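The values are calculated or read from the model by the stated rules, or taken from the named source; none is laboratory data. Note that the structure is predicted; figures quoted are calculated from it, not measured. Cβ: placed from backbone, ideal geometry, glycine included. Neighbour counts: every protein chain shown. When the accessible area is computed, the model is the full protein with side chains, heavy atoms only, and any ligands, DNA or RNA have been set aside. Shrake-Rupley method; radii C 1.70, N 1.55, O 1.52, S 1.80 Å.
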Amino acid sequence: MGLGQDDAGDDVPVERYRAPALEKGLDIIEALADRPDGLTATELAAAIDRSLGEIFRILQVLERRGYLSKNPWTDQYRATSRLLEVGFRATPAQNIVYAAGPVMLTLSQTIRQSCHLVLAAPGKALVIAQQDGPTPTNFSVRLGSVLDYLQSASGLVLLALSSEERRQRLLQGQDIPDHLRERMAHVAAQGYEHRASIRTQGVRDISYPVRDFNNEVICALTVPYLRLIDGSQAVDEDAARVILGQAASQLSMLLGASS
């Protein structure tokens with residue numbers, strides 16, 4: 001058990017510190033994170049095992065501060081992107097997004113496809129930047145989406161090119177099936193992922209690692225390559241993969257990675 005200090009300067013167990021209102025607010029945000037369709041105040045109270053009276057004022061404050069929005073017709077609360085925006089400013093993710101913007105715009109304009117940047121975080125892979133392609137028809141991943149490490153090309157790149165210790169931190173106890181371990185070995189050997197989407201027909205996922213100044217893989221730059229049935233792509237799939245790899249290397253160098 002850790003120790004802190006009380007007002008008199010005496011050591012006290014950290015577990016004695018309580019911030020009930022803060023804990024309730026965090027419970028509310030975490031509950032809504034799993035319910036993008038929203039919850040009413042009554043439903044929220046039941047979801048976090050609190051009374052409506054306990055959370056009423058906290059809901060008002062969170063809404064006033066922009067962390068929640070309330071549908072005036074259904075009275076359902078939803079989490080906004082405010083927390084994500086604050087997180088960007090409070091972490092190196094903001095610098096990554098600033099550096100990635102011009103690189104991703106050039107990439108999408110060149111290959112005529114959308115692209116997105118996925119940040120490695122414990123328990124989840126988070127889409128922190130997204131760039132639509134310039135054509136009328138695009139397949140894109142929504143900004144702020146949370147991706148399963150084991151069910152996405154970006155996630156496999158982040159796992160395959162990380163140390164075993166860091167991989168376990170990212171997965172937080174989630175087991176890796178044998179067939180995915182084999183796939184990760186393949187990704188690690190070639191340095192990128194390139195495969196048919198496991199969810200969307202006609203899409204081929206291509207993903208490359210982005211490294212920081214420690215040469216640690218912190219993000220994956222990914223293109224969900226949309227195959228057109230008339231074959232009218234401006235850039236074919238293999239050429240797009242090469243250009244994507246160059247863009248990921250460029251972004252890595254902007255973040256301080258060695259060449």
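Using θ = phi - 60° and the Karplus curve 6.51 cos²θ - 1.76 cosθ + 1.60, what whole-Hz ³J(HN,Hα) does each residue of segment 223-228 get, with Gly and Pro shown as x?
10, x, 6, 8, 7, 8
Calculate one ³J(HN,Hα) per residue across segment 20-28 by plugging θ = phi - 60° into the Karplus curve 6.51 cos²θ - 1.76 cosθ + 1.60, and present them in order as whole Hz with x for glycine and proline.
The phi angles translate into x, 5, 5, 4, 5, x, 5, 4, 4 Hz.
Quick one: accessible surface of E165, probe radius 1.4 Å, all protein chains present, in square angstrom to the nearest 10.
Rounded to the nearest 10, the figure is 130 Å².
Taking only protein heavy atoms into account and a 1.4 Å probe, give the accessible area per residue of the chain in Å².
Accessible area per residue: 56 Å².
Give me a comma-separated list of calculated 3J(HN,Hα) values for segment 146-159, in order, Karplus coefficients 6.51, -1.76, 1.60 applied at θ = phi - 60°, integers in Hz, x for any Gly or Pro.
Whole-Hz 3J(HN,Hα) from phi for segment 146-159: 9, 10, 6, 4, 8, 10, 9, 5, 4, x, 5, 5, 5, 6.
Give, in nm to one decimal, the length gained when the segment between A239 and E54 is fully stretched (0.36 nm per residue of separation minus the Cα-Cα distance).
Residue separation times 0.36 nm, minus the Cα-Cα distance, leaves 60.8 nm.
Test of understanding: what is the full-extension gain from V146 to L26, defined as 0.36 nm times their sequence separation minus their Cα-Cα distance?
The V146-L26 span can extend by a further 41.4 nm.
Per the helix-only calculation at 222 nm, which mean residue ellipticity applies to the chain, given -39500 (n - 2.57) for every DSSP H run of n ≥ 4 and division by its residues, nearest 500 deg cm²/dmol?
-13000 deg cm²/dmol
Estimate the FRET efficiency between T137 and R64 by the formula 1/(1 + (r/R0)^6), using the beta-carbon distance for r and 35 Å for R0, to the nearest 0.05. Show your work: numbers first, answer last.
Numbers: r = 41 Å, r/R0 = 1.16.
The calculated FRET efficiency here is 0.30.
Quick check: pseudo-label points 7 Å beyond the Cα along Cα→Cβ at R166 and Q246, how many nm apart are they?
According to this spin-label approximation, the distance is 2.7 nm.
Take the chain, mark every one of the chymotrypsin sites (Phe, Trp or Tyr not before Pro) that falls in a DSSP loop and has at most 12 other Cβ within 10 Å, then report the longest stretch left between them, sites excluded.
74-212
Need one value: the accessible area of L32 in square angstrom, 1.4 angstrom probe, rounded to the nearest 10.
10
Once label points are set 7 Å from the Cα along Cα→Cβ at both Q201 and D34, what is their separation, rounded to one decimal in nm?
Spacing of the two 7 Å Cα→Cβ label points: 3.4 nm.
Need the full-extension length gain, S232 to R78, defined as separation in residues times 0.36 nm minus the C-alpha distance. One decimal, nm.
51.4 nm
Ignoring ligands, DNA and RNA, please state the percent of accessible area on the chain from carbon and sulfur, probe 1.4 Å.
Exposed carbon and sulfur together represent 50 percent of the surface.
May I ask you to derive the relative contact order of the chain, considering only C-alpha pairs under 8 Å and at least 6 residues apart, and to give it as an integer percent?
14
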